[in-house]
1. For the range B:107-126, check the following and say yes or no: at least one residue is in contact with a helix residue (DSSP H, G or I) (Cβ under 8 Å, 6 or more places away or on another chain), charged (D, E, K, R), open to solvent by less than 40 Å² (accessible area, probe 1.4 Å) and free of Cβ contacts under 8 Å to residues at least 60 places away in the same chain.
2. Here is a list of conditions, (1) touching a helix residue (DSSP H, G or I) at 6+ places or on another chain (Cβ under 9 Å); (2) without any contact (Cβ under 8 Å) to a residue 40 or more places away in the chain, and B:I132 meets all of them except one; can you say which number that is?
3. Does A:T47 satisfy being closer than 23 Å to C:D54 by Cβ and over 16 Å from the mean Cα position of the chain (by Cα)?
4. Within the group B:Q116, B:Q99, which residue is among the polar types (S, T, N, Q), under 29 Å from C:R78 (Cβ atoms), more than 8 Å from every other protein chain (Cβ to nearest Cβ) and under 13 Å from the mean Cα position of the chain (by Cα)?
5. Contact list please: Cβ distance under 6 Å, first residue in the range B:75-88 and within 7 Å of chain A (Cβ to nearest Cβ) and in a loop (DSSP other than H, G, I, E, B), second residue open to solvent by less than 80 Å² (accessible area, probe 1.4 Å) and at pLDDT 95 or above, pairs at least six apart or on different chains.
6. Can you name every residue in the range A:64-73 that is open to solvent by 30 Å² or more (accessible area, probe 1.4 Å) and in a loop (DSSP other than H, G, I, E, B)?
7. Among (1) away from chain A (no Cβ under 14 Å); (2) without any contact (Cβ under 8 Å) to a residue 60 or more places away in the chain; (3) in contact with a Leu (Cβ under 6 Å, 6 or more places away or on another chain); (4) of a type outside the set (S, T, Y), which single condition is B:A71 missing?
8. Can you name the residue in the range A:14-63 that is among the polar types (S, T, N, Q) and either surrounded by 17 or more Cβ atoms within 10 Å (Cβ to Cβ) or assigned to a loop (DSSP other than H, G, I, E, B) (or both) and is also nearest to the other protein chains (Cβ to nearest Cβ) among such residues?
Amino acid sequence: MKSHTHYHYFNTKKKREYILITDMVEKQVNQSGIKEGLCLVSAMHITAGVYINDAEAGLIADIEEWLQKLAPEGPDYRHHRTGETNGDAHLKNLLIGHQVVVPVTDGHLDLGPWQQIYYAEFDGRRRKRMVIKIIGE
Amino acid sequence: MKSHTHYHYFNTKKKREYILITDMVEKQVNQSGIKEGLCLVSAMHITAGVYINDAEAGLIADIEEWLQKLAPEGPDYRHHRTGETNGDAHLKNLLIGHQVVVPVTDGHLDLGPWQQIYYAEFDGRRRKRMVIKIIGE
Amino acid sequence: MKSHTHYHYFNTKKKREYILITDMVEKQVNQSGIKEGLCLVSAMHITAGVYINDAEAGLIADIEEWLQKLAPEGPDYRHHRTGETNGDAHLKNLLIGHQVVVPVTDGHLDLGPWQQIYYAEFDGRRRKRMVIKIIGE
């Protein structure tokens, strides 16, 4: 069994950003030399997410609005008693998920035609880490 | 390390359907010959989900109502400017998740007594693909 | 390839509890002898979850309130016609997720500095099972 681990750092200009990372992940699959296996893509912070959906600007704006509606920003989170102001970002992480597992088949990410991998930053303007781990043969 | 990949196609009669697939996945585990490993079950479209919960008709109706409430159908999604009408299906996919990873132990899916695997179609009446990938030994 | 499977039983005093399990999972990684791989942590019931977020009491109270808001307790679930009273716990499971996959790197859980693994019980006061499965080398 082979394994390959890669860390990527983000430092977004905006508080919230949705960054297309499919090519970056595919590049790591290539570098791993793994032909058949599983590829984990996981945010290493609790105020960011990783999800798979469409690379369409209107939909990304819809996702943003939806996350704001179901996990709104606000002053009232108990978590803010610690001095933090990002309670909503923790809930957005839980709502959209912080990781995906993608099959690796024949040396490539085995995604459907519209499936794109996104890193979703919910509390940016600081250095954040993501891990890509591939195991297989 | 062994690996086994299987694609299954759905073409539902209704727009939304919840299809029990535990036996189909178990059959692939059997065919793989893998005794100890992990089994990924993942929708390859961004308007369908895969989840684990109870095979009880009332609960499935509750899940449907809940998804409609938190990710409602409607004309107002920005995504619809592309000509699509399925903005809600994308959000339902994000809410319920598009994949599960199930342990394979002693040659079988290692599920609890009430855990059943479901394919959840949110924009059906067309050909959709799902992947089952098992790795292990 | 090596694999290691461990079952843990919970029997909470309260209906809902959020139990920090990072150390328990790390201990299983140690016992497995696996240096590079993937670790699946998964509830084996459909009324409990496993998630990764912050070990901060205020935030946990925020998560509880949020889950109650988006998947409220109530008498009206169709699932209750079976005699059950835990419809909300099924939806909370779907909202927060029932499993996480954590990378194992250099013999340890490869988590970010604030990432903690939690078992979230939504229908306790009974014996519930969780599985930890590690594969790798």
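1. no
2. (2)
3. no
4. Of the residues listed, the single one that is among the polar types (S, T, N, Q), under 29 Å from C:R78 (Cβ atoms), more than 8 Å from every other protein chain (Cβ to nearest Cβ) and under 13 Å from the mean Cα position of the chain (by Cα) is B:Q116.
5. B:Y77/A:D62; B:Y77/B:G87
6. A:P72, A:E73
7. Answer for B:A71: the failing condition is (1).
8. A:N53
The values are calculated or read from the model by the stated rules, or taken from the named source; none is laboratory data. All values reported here derive from a predicted model rather than from experimental measurement. Quick reminder, even Gly has a Cβ in these numbers, built from the backbone with ideal geometry, and neighbours come from all protein chains shown. The area values use the complete protein model at the heavy-atom level, side chains included, leaving out ligands, DNA and RNA. Shrake-Rupley method; radii C 1.70, N 1.55, O 1.52, S 1.80 Å.
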